[in-house]
Amino acid sequence: NAGVTQTPKFRVLKTGQSMTLLCAQDMNHEYMYWYRQDPGMGLRLIHYSVGEGTTAKGEVPDGYNVSRLKKQNFLLGLESAAPSQTSVYFCASGWTEAFFGQGTRLTVV
Amino acid sequence: GENVEQHPSTLSVQEGDSAVIKCTYSDSASNYFPWYKQELGKGPQLIIDIRSNVGEKKDQRIAVTLNKTAKHFSLHITETQPEDSAVYFCAATDSGSARQLTFGSGTQLTVLP
């Protein structure tokens, strides 16, 4: 039972490049979330989904897009990366007793 | 929206002593309060949670207390061990349709041997 799997684990992007982060869960959860974690700021919600085909904005959605075409997958996209998007990104699955992935460390230079 | 404040930001204790981390929240509709432990290089992991109809919950060396009137909740770790060293986050949410967790800014706990 893998739980929540994030890919990739590390990535370096140049300013203006695009990329997609993938989150996969095998727990049949309806709710999935994308957070970013920056030093001293805890976890801030970027976007979330309450079920297949649905997405909604969180606290810091600007510069990101998401899609939930399949229940088990939640994708986070950066269309034109900026240095301010350098962060560690976590995906979570489930509302109560949420399970987190191992994180993606993204650096934008 | 919800605002969660967490104190202290860093905490050092001697092995065997107790540690207490406190959080306050702003939204009186919040009714679910989890605590997460994050070890270096890993994702947060749920260690204990409490719902608003309960004032205290224990799980071995870990306990959480909730005061809904004052809108604060606390994590208590007794008989601390070096493996308790990590960053701890509190969070709060309500059971509305959004079901978003709002996190505190974290506490770096160091247990000194």
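All of A:Glu30, A:Glu97, A:Glu79 fail the test of being touching a residue at least 40 places away in the same chain (Cβ under 8 Å), under 26 Å from B:Cys90 (Cβ atoms) and either away from every other protein chain (no Cβ under 14 Å) or open to solvent by 30 Å² or more (accessible area, probe 1.4 Å) (or both), apart from A:Glu30. Counting only residues that are more than 14 Å from chain B (Cβ to nearest Cβ) and crowded, with 19+ Cβ neighbours inside 10 Å, region A:100-109 holds 2 of them.
Among residues of region A:36-54 being touching a Gly at 6+ places or on another chain (Cβ under 8 Å) and outside any loop (DSSP other than H, G, I, E, B), the one that is surrounded by the fewest Cβ atoms within 10 Å (Cβ to Cβ) is A:Arg44. Do we have A:Gly63 as open to solvent by less than 60 Å² (accessible area, probe 1.4 Å) and in a strand (DSSP E or B) here? Taking the combined requirement at face value, the residue does not satisfy it.
Tell me, which residue of region B:16-37 that is within 13 Å of chain A (Cβ to nearest Cβ) and open to solvent by 20 Å² or more (accessible area, probe 1.4 Å) is modelled with the highest pLDDT? Per the criteria, the residue is B:Lys37. Scanning region B:72-113 for residues that are of a type outside the set (Gly, Ala, Ser), in a loop (DSSP other than H, G, I, E, B) and modelled with pLDDT of 95 or more returns B:Thr78, B:Glu79, B:Thr80, B:Gln81.
Flag set for A:Thr7, criterion: under 26 Å from B:Tyr88 (Cα atoms), touching a residue at least 24 places away in the same chain (Cβ under 8 Å) and of a type in the set (Val, Ile, Thr).
The values are calculated or read from the model by the stated rules, or taken from the named source; none is laboratory data. Small disclaimer: the values here were computed from a predicted structure and weren't measured. Note: ideal-geometry Cβ built from the backbone for every residue, glycine included; neighbour counts use all protein chains shown. Only protein heavy atoms, including side chains, enter the accessible area calculation; ligands, DNA and RNA are left aside. Shrake-Rupley method; radii C 1.70, N 1.55, O 1.52, S 1.80 Å.
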